[in-house]
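Below is one structure; the comments refer to it alone.
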Amino acid sequence: MDKKSPIGVFDSGIGGLSVLKQFIRFLPYEHYIYLGDTARVPYGNKSPQTVQEYSKQCVKYLLNHDVKLIVVACNTASSNALDVIKEMSDVPVIGMIIPAVQAALRTTISGKIGVIGTRATISSQSYEKGMLEITNKKVEVISQACPLFVPIVEEGWLRHPATKLIAEEYLEKFKKDTIDTLVLGCTHYPLLSQLISEILPGVMLIDSGEHASVSAIRILGEKGLLSDEKDDYDIRHEIKFVVTDVPSTFFEVASRFLGFEVSQPEKISL
Ligand code: DGL
């Protein structure tokens, strides 16, 4: 494992490509292995035990491929399995919760922070625990599970009237209980940012992938593991896609998340 080793990013499926997109933006000179557990997605309605079991298998695969950092792009896995992942990893691990909590605390003025995520993320109370861990400032966390957002985004219904109705229903409580900051606590939600901002004007949205990328720069920098290939114009970063299934919609959905065409993934069994 050295500076040239890849960063391993894993998610329950394709959604984590929204996180990979931010990593490529902030860390463009790194190589990446992206593992999507597409055969078993979604994790968001599964028990903590199952999410831990699946996450351990994904992490084992990445560790066997000599990664220098593990990014748990899935908020559900970050909420329910981060401790077990850290225990088994001999490389640094970044989850989605703490970087977003830090950003939300920096952003809020009123101290009222909203969090949206899958059912498994919201019921884990990972954000509330994260806030307690890093601040003794008085903050109020108001959370809401938005399970329908995941299939809607995969369907590409980002501006569909039905999506607007569903979003208004889910976000209603944030209008009553006025928040000034909202954590998008799921891989899929950044794709709905525009719609969410229209429903909650003036509320600052926190994109977990963006803040996790900034944490990665710090962690890799401290360990002397940041790629120095930026000085070598012949080397382009490589992204290897690995999945446990290739559904028929894979390429269409993946390019929507990533913003460019995805190369053929390798199909593996965990
Ligand atoms: N990747 C998951 C998350 O960020 C959403 C999809 C799923 O439920 O597996 O929580």
Problem - Ellipticity estimate at 222 nm from DSSP helix runs (n ≥ 4, -39,500 (n - 2.57)) divided over the chain, nearest 500 - result: -13500 deg cm²/dmol
Completion exercise
Given the candidates Ser269, Gly224, Leu200, the one whose Cα lies deepest towards the positive end of the charge dipole of segment 138-270, counting +1 at each Lys or Arg C-beta and -1 at each Asp or Glu C-beta, is Leu200
Fill in the blank from the handout: Taking a crude spin-label model, label points 7 Å out from Cα along the C-beta direction, the Glu261 to Lys60 distance in nm is 3.7 nm
Exercise for the section: Please report Glu210, Glu261 as a ranked list, fewest other C-beta atoms within 10 angstrom at the top and most at the bottom. Expected result: Glu261, Glu210
Problem - Residues Phe23, Phe241, Phe250, Phe260 arranged by fewest to most Cβ contacts within 10 Å - result: Phe260, Phe250, Phe241, Phe23
Problem - Within-15-Å neighbourhood charge of Ala162 [Cβ basis; K, R +1; D, E -1] - result: -2
Fill in the blank from the handout: Which of Lys68/Lys112; Lys56/Lys138; Lys46/Lys267; Lys21/Lys164 exceed 29 Å between C-alpha atoms? The answer is Lys68/Lys112; Lys56/Lys138
Problem - Computed Rg/Rh of the chain, alpha carbon atoms with Kirkwood Rh - result: 0.95
Handout entry: Kirkwood estimate for segment 74-220, i.e. one over the average of 1/r between Cα atoms, Å
Key = 15.6 Å
Handout entry: Tilt relative to the chain, helix 48-64 - C-alpha long axis, 0 to 90 degrees, to 10
Key = 30 degrees
Practice task
Output the peptides 69-79, 163-173, 30-40 sorted from most to least packed, where packing is the average of other Cβ atoms within 10 Å over each peptide's residues.
Solution key: 69-79, 30-40, 163-173
Problem - Cα centre as origin, Lys/Arg/Asp/Glu Cβ charges: segment 148-270 dipole, Debye - result: 340 debye
Problem - Dipole magnitude of segment 118-158, debye to nearest 20 (Cβ charges: Lys/Arg +1, Asp/Glu -1, about Cα centre) - result: 220 debye
Practice task
Enter the angle in degrees (range 0 to 90, nearest 10) between the Cα long axis of helix 75-88 and the first principal axis of the Cα atoms of the chain, meaning the one along which they spread out most.
Solution key: 40 degrees
Problem - Ellipsoid equivalent to segment 134-270 - semi-axes via the Cα gyration tensor, in Å - result: 32, 24, 13
Exercise for the section: Note down the net charge around Thr38, summing +1 for each Lys or Arg and -1 for each Asp or Glu among other residues with Cβ under 14 Å from its Cβ. Expected result: -4
Exercise for the section: Using the Cα centre as the reference, give the magnitude of the dipole from point charges on the C-beta atoms of segment 73-177 (Lys, Arg: +1; Asp, Glu: -1; all else neutral), rounded to the nearest 20 debye. Expected result: 440 debye
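Values quoted throughout were computed directly from the atomic coordinates according to the rules given, and no laboratory measurement underlies them. All values derive from a computational prediction rather than experimental measurement. Using ideal geometry, Cβ is built from the backbone for each residue, glycine included, and neighbour counts are taken over all protein chains shown.
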